[in-house]
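The values are calculated or read from the model by the stated rules, or taken from the named source; none is laboratory data. Everything numeric in this text was worked out from a predicted model, so none of it was measured. Here the Cβ is made from the backbone with ideal geometry for all residues, glycine too, and neighbour counts use every protein chain on show.
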Amino acid sequence: MRAVRYHDYGSADVLQVDEVDRPTPDRDEVLVEMRAASVNRVDVMFRSGQYGNLPLPSIPGGDGAGVVAAVGEDVEAFDPGDRVFASGMDRAEGGTFAEYAAIPAEKLARLPENVSWTAGGAIGNVGATARTALEGLAGIQAGDRVLIHGGSGGVGHAAVQIAAHSGAEVITTAGSEDARARLTDLGASVALDYESDSLAEDILAATDGAGVETVLDHRLEEYLDLDLSVVTEGGTIISTMGHIPETNGRPLYNKEVTIQPLKMDNHPTRQPVLERLARLMRRDVLTPVVADTYAFEDTARAHQEMLAGGYVGKLVVTP
C-alpha cells in the first residue's frame, strides 16, 4: 500500500510517499481503508522533532475517516463495510496518512451517512478536543459566555459550534474579516479581530462589562493576562497548548480563577466523544469545515500551508 512517511526529522521536505506493507489488525483493532485524514499542528511538531521521538520511519496522521476492511477477533462493535471516523491515533504505531490503517476500536465511531469523507476525516481530533474542553472540563451551560481564541482554527471552529449549540453566548477571534464573518455563520455571537490593540476592552464591551465564564486558549503564553482581565470570578481558562507564563497573580487569586490544562493524550478512549460528535453531525449541528484537500504527494505543501494559516477549518489529505 501507499503511505506518507518521513525517515528523518526536519522540514516538510522530509515527507515522501512510500510503498509499505498493509498492516494486520491486532485482536482489538480495526483495519480501515482510509478515505481522508486531517493535518493537525501536532503532526508538524512530531515531524520536526519538537514533540518527542518516534520510531523512524514514521507515518503522520492522528485522525481520519474510511471504510472498515477487517476487524480483530475481539472487536464486536464494527463490521467490514462500516463507515467510520477516528481520533487519537498513536503515531508510534502508525498514522492515518496511508491507504490502510490499523486503529484500536476504542478510537473509532460510525460516521453518519450525511457526512462526507473529507468532513469525517477533518473532525476527529479537533472535535474531540473542543468537546472535551468545553463540555467535559469547563461544563459550559446555556447562558454562559465563552471566549474562544482563534475560532478559525481546527479546534476553534468546532468549539464555536459546540458552545453555540449548548446555548452559550460565544465570543471568538480571527485575523480576517472573511474569517470573522464565517464564524458568525457558524454560531458565534461576536467575532473580534485578535490583532486589535483594544481586544480586552472589546470582549468586555461585548458582554456589557460582565466578562466570560470560560476561556478556551491555545496560546496561553500570549493571552494569559488578557484572559485574566476578562474572565469572571470563579471562571475557568482551558489551555490546549503552550506554557503558563509569568503573570500578575493578583487577578488569579482575587477572582479565584481555575487554569485547567488539557492534554488529549490523557484521554485515549475516544469512542464516547466521537459518538457524541457523530450525533451532532447527523443533526447538522456540527459542520466540519474543510478549507482544502491534498493528494498524498502534496502532503508537504499541506504542512506548509497549515503553518501559514489564513483559512477557516481544516486541511485534509486523501489517498
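Answer yes or no as to whether V215 is touching a Phe, Trp or Tyr at 6+ places or on another chain (Cβ under 9 Å), outside the structural domain of G64 (by TED's automatic domain parsing) and of a type in the set (V, I, T).
yes
So in the range 234-244, with the set limited to residues that are not in a strand (DSSP E or B) and not hydrophobic (A, V, I, L, M, F, W, C), which one is surrounded by the fewest Cβ atoms within 10 Å (Cβ to Cβ)?
Top of the filtered list is H243.
Quick check: is even one residue across the range 244-254 acidic (D, E) and either in contact with a strand residue (DSSP E or B) (Cβ under 6 Å, 6 or more places away or on another chain) or in contact (Cβ under 8 Å) with a residue 12 or more places away in the chain (or both)? The answer is no, given that none of the residues of the range 244-254 is acidic (D, E) and either in contact with a strand residue (DSSP E or B) (Cβ under 6 Å, 6 or more places away or on another chain) or in contact (Cβ under 8 Å) with a residue 12 or more places away in the chain (or both). Within the range 1-48, the residues that satisfy the criterion of being free of Cβ contacts under 8 Å to residues at least 40 places away in the same chain, under 20 Å from Y294 (Cβ atoms) and charged (D, E, K, R) are D18, E19.
Assessment of the range 3-19 against the conditions (surrounded by 23 or more Cβ atoms within 10 Å (Cβ to Cβ) and acidic (D, E)) yields no matching residue.
Taking the range 188-230 as the range and being within 24 Å of the chain's Cα centre (by Cα), more than 27 Å from K263 (Cβ to Cβ) and of a type in the set (A, V, I, L, M, F, W, C) as the test, the residues that pass are V190, A191, L192. Given the structure, is L204 in a helix (DSSP H, G or I), under 24 Å from R131 (Cβ atoms) and touching a residue at least 12 places away in the same chain (Cβ under 8 Å)? Considered against the rule, which asks whether it is in a helix (DSSP H, G or I), under 24 Å from R131 (Cβ atoms) and touching a residue at least 12 places away in the same chain (Cβ under 8 Å), L204 comes out as no. Scanning the range 98-114 for residues that are surrounded by fewer than 24 Cβ atoms within 10 Å (Cβ to Cβ), of a type outside the set (D, E) and in contact with a helix residue (DSSP H, G or I) (Cβ under 7 Å, 6 or more places away or on another chain) gives R110, P112, N114. Filtering the range 245-287 to residues that are within 18 Å of A86 (Cα to Cα) and either of a type in the set (K, R) or assigned to a strand (DSSP E or B) (or both) leaves K263, R270, R276, R279, R282.
For the condition over 24 Å from M306 (Cβ atoms) and under 22 Å from the mean Cα position of the chain (by Cα), what is the one hit in A65, A102, A98, A36? I'd like the intermediate steps shown before the answer.
Details: A65 fails: over 24 Å from M306 (Cβ atoms); A98 fails: over 24 Å from M306 (Cβ atoms); A36 fails: over 24 Å from M306 (Cβ atoms).
Exactly one residue qualifies, and that residue is A102.
Select, from R301, R276, the only residue that is farther than 23 Å from G151 by Cβ, among the charged types (D, E, K, R) and in contact (Cβ under 8 Å) with a residue 12 or more places away in the chain.
On the way: R276 fails: farther than 23 Å from G151 by Cβ.
Being farther than 23 Å from G151 by Cβ, among the charged types (D, E, K, R) and in contact (Cβ under 8 Å) with a residue 12 or more places away in the chain holds for just one of R301, R276, which is R301.
Scan (1) aliphatic (A, V, I, L, M); (2) crowded, with 20+ Cβ neighbours inside 10 Å; (3) in the same structural domain as G187 (by TED's automatic domain parsing); (4) touching a strand residue (DSSP E or B) at 6+ places or on another chain (Cβ under 6 Å) for the single condition M306 breaks and write down its number. Every condition holds for M306 apart from (3).
Could you look through the range 302-316, keep only residues that are farther than 19 Å from G62 by Cβ and of a type outside the set (G, A, S), and pick out the one that is nearest to the chain's Cα centre (by Cα)?
Kept after step one, since they are farther than 19 Å from G62 by Cβ, are these residues of the range 302-316: 308-312.
Of the ones still in play, those that are also of a type outside the set (G, A, S) are 311-312.
Values: Y311: 15, V312: 13 Å.
Among those that are farther than 19 Å from G62 by Cβ and of a type outside the set (G, A, S), it is V312.
Would you tally the residues in the range 8-36 being under 23 Å from A302 (Cα atoms) and either not assigned by TED's automatic domain parsing to the domain that holds V75 or not hydrophobic (A, V, I, L, M, F, W, C) (or both)? If you could, list the steps in order and put the result at the bottom.
Going residue by residue through the range 8-36, those that are under 23 Å from A302 (Cα atoms) are 8-20, 32-36.
Checking the rest, the ones that are also either not assigned by TED's automatic domain parsing to the domain that holds V75 or not hydrophobic (A, V, I, L, M, F, W, C) (or both) come to 8-11, 13, 16, 18-19, 33, 35.
Total satisfying the criteria: 10.
As for the range 222-233, it holds no residue that is at pLDDT 95 or above, buried (at least 18 other Cβ atoms within 10 Å of the Cβ) and assigned to a loop (DSSP other than H, G, I, E, B).
In the range 2-13, of all residues being on the phi < 0 side of the Ramachandran plot and not in a strand (DSSP E or B), the one that is nearest to the chain's Cα centre (by Cα) corresponds to A12. Filtered by the rule that a residue be under 17 Å from A37 (Cβ atoms) and either within 13 Å of the chain's Cα centre (by Cα) or at pLDDT below 95 (or both), the range 271-301 gives L274, L277, P288, V289, V290.
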